[in-house]
Every structure is written in structure tokens, then in C-alpha cells.
1. When you look at SER7, is it assigned to a strand (DSSP E or B), out of contact with any Leu (no Cβ under 6 Å at 6 or more places or on another chain) and surrounded by fewer than 18 Cβ atoms within 10 Å (Cβ to Cβ), yes or no?
2. Inside the range 1-32, can you point out the residues that are of a type in the set (Val, Ile, Thr) and either over 19 Å from HIS70 (Cβ atoms) or in contact (Cβ under 8 Å) with a residue 60 or more places away in the chain (or both)?
3. What's the number of the only condition in (1) surrounded by 14 or more Cβ atoms within 10 Å (Cβ to Cβ); (2) outside any loop (DSSP other than H, G, I, E, B); (3) among the acidic types (Asp, Glu) that ASP39 fails to meet?
4. So LEU31 clears everything in (1) within 11 Å of the chain's Cα centre (by Cα); (2) more than 20 Å from MET82 (Cβ to Cβ) except one condition, right? Which one?
5. I'm told ASP58 meets every condition in (1) surrounded by 14 or more Cβ atoms within 10 Å (Cβ to Cβ); (2) in contact with a Gly (Cβ under 9 Å, 6 or more places away or on another chain) except one. Can you identify the failing condition by its number?
6. Pull up the range 47-85, narrow it to residues that are acidic (Asp, Glu) and free of Cβ contacts under 8 Å to residues at least 12 places away in the same chain, then point me to the one that is nearest to PRO12 (Cα to Cα).
Amino acid sequence: MYIVLVSVRVKPDSVEAFKQATVDNARNSVLEPGIARFDVIQQQDDPARFVLVEVYRDVAATTAHKETAHYARWRDTVAPMMAEPRTSLKYANVYPEDWR
């Protein structure tokens, strides 16, 4: 597994619109064969901060994901909502070893 944690801070007046666009992207993303999981989490004490937990079956699936229409729609929709550029960290799964 290849895990990407994407940190996002949106403008306070864009929180609800960001959530709507991001949930739409997540719902479509989990339909991709290369994605095992796609979670959208919101920070409790700062609702303008989000983390996207993207779990891919392999590195190639990240490239395939970025070529989808729903990803392009999300990227273009949320770009003006960002309070700062989003960042990402990449991880490898350690346990469970056979997690799917």
C-alpha cells in the first residue's frame, strides 16, 4: 500500500463548499480500482483544516487518480478556496501487512 496524507487549510468562508467538493471527489475516488480507501477528515478545533487520507494499492494508482475527470474537477473547484497551498506526505503501510 501507498498512503498519501494531504493537508489542506481553506478560507473560513469556503469550508462548506470545500467539504461538498471533496466528498464528491472521495466518493468517485473509491470507485477507482487502484484506491483502497479515501477518507476526508476535518480538524475539530479548527474546521478550516482538513486531511485527506488516500490509500492506494500501489504508486501507479496515484498517477491514474490524477488523470480522472473527478480529480480535475475537484482540483479546479477547490483551488480558489485554499488559504494556503496544500501539502502532502507519503507513507508505506507497515501493519497490517495484508491490509486492503
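1. yes
2. Within the range 1-32, ILE3, VAL4, VAL6, VAL8, VAL10, VAL15 meet the criteria.
3. (1)
4. (1)
5. In the conditions (1) surrounded by 14 or more Cβ atoms within 10 Å (Cβ to Cβ); (2) in contact with a Gly (Cβ under 9 Å, 6 or more places away or on another chain), ASP58 misses (1) alone.
6. Looking at the filtered set, the residue picked out is ASP76.
Every number here is computed from the coordinates shown, using simple stated rules; none is lab data. Small disclaimer: the values here were computed from a predicted structure and weren't measured. FYI the Cβ positions are ideal-geometry reconstructions off the backbone, even for glycines, and counts take in every protein chain you see.
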